[in-house]
Amino acid sequence: MLNMIYSEFFKLKKTCIAPLILIGGTIMTILMFAARHITEVNMSFEKYAYNIEQTNFIMLFIVLFSIISAYVFSREFTDKTANVLYAYPASKLKIFMSKLVVIYILIFLTYVIEIISIPLSYYFLNGNLPEINVITKDLKANILSMLFQFLLVPIPVLIANLSRNIIMPMTYCILGFILSCLLRTQSFSYCAKYIPLLSPWLSVDYFYSNAHVDLNYITISSVLCFIFFISISIYEFNKKDIN
């Protein structure tokens, strides 16, 4: 299993995934830093971090992680190397799980980059780091958000397996982006708790305004979504014809 995970990372070595993760984890922090530096508007760390994370979790990360998931699972078909992959002395389930673990590691690294970049940029703006209890709360919010991101991964994975390319997952990205922005508005906010797509953002919102967020709803809906899509994904991957 470890050898297969290493093999998957080796395949990504000469791709744009590494810079994509670096950019994805820092771009909103850089933009917020530039805006704060230009306007010189004072802002608490909580508001500073929340503004960055809200944009990441609602708009950017759904696109970024869907592209990564789709690429990891569809590259053998787009590169015409599927025959080599399925020649490995391993079951299709192990191949599937190794790819899934790689995606989770890449998501984890993206969150680590974001978590480090936010307080670091805040320090360069204000000359001091936020209090430890504030950083701890933000860290908890990001960990919970990351876990919900893990639960959403089977959706683009299934789409990539069915389409065998990255185009259809990109369509999912666009639709997910539009839906997330729409559900974030006041008119549709009442039903946001039932939509797993918004769980990474709602879990962060829980730590900043927990009176308005019921974590039980989003946890149940996200877990059910994960079970449904991971089951279909594994079944479809196991019966996949490499031709």
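The values are calculated or read from the model by the stated rules, or taken from the named source; none is laboratory data. Since we're looking at a predicted model, the values are computed, not measured. Please note: Cβ atoms are built from the backbone with ideal geometry, for glycine as well, and neighbour counts cover all protein chains shown. Remember, those area values only see protein heavy atoms, side chains included, never the ligands or the DNA or RNA. Shrake-Rupley method; radii C 1.70, N 1.55, O 1.52, S 1.80 Å.
Relative to the longest principal axis of the Cα atoms of the chain, helix 199-208 runs at roughly 20 degrees.
The reciprocal of the average 1/r between distinct C-alpha atoms defines the Kirkwood hydrodynamic radius, which for the range 1-239 equals 18.8 Å.
Lysine pairs in the chain with Cα distance under 13 Å, only those 8 or more apart or on different chains: how many are there?
Count of close lysine pairs: 4.
The phi-based Karplus calculation (6.51 cos²θ - 1.76 cosθ + 1.60; θ = phi - 60°) puts the 3J(HN,Hα) values of the range 155-163 at 5, x, 4, 5, 4, 5, 5, 6, 8 Hz, whole numbers, x for Gly and Pro.
Derived from the Cα gyration tensor, the three semi-axes of the equivalent ellipsoid of the range 104-183 are 33, 14, 12 Å, largest first. Normalised by the number of residues in the chain, the mean separation of alpha-carbon contacts (under 8 Å, six or more apart) gives a relative contact order of 28 percent.
Across the chain, the longest run free of exposed loop sites, meaning GluC sites (Glu not before Pro) lying outside DSSP classes H, G, I, E and B with no more than 12 other Cβ atoms within 10 Å, spans 132-243. ASN142 sits among other residues whose Cβ lies under 15 Å from its own Cβ, and their net charge, with Lys and Arg +1 and Asp and Glu -1, is -3. Per-atom-type breakdown for the chain gives carbon and sulfur 70% of the accessible area (1.4 Å probe, protein chains only).
Per residue, the chain exposes 51 Å² of solvent-accessible protein surface, assessed with a 1.4 angstrom probe and all protein chains in place.
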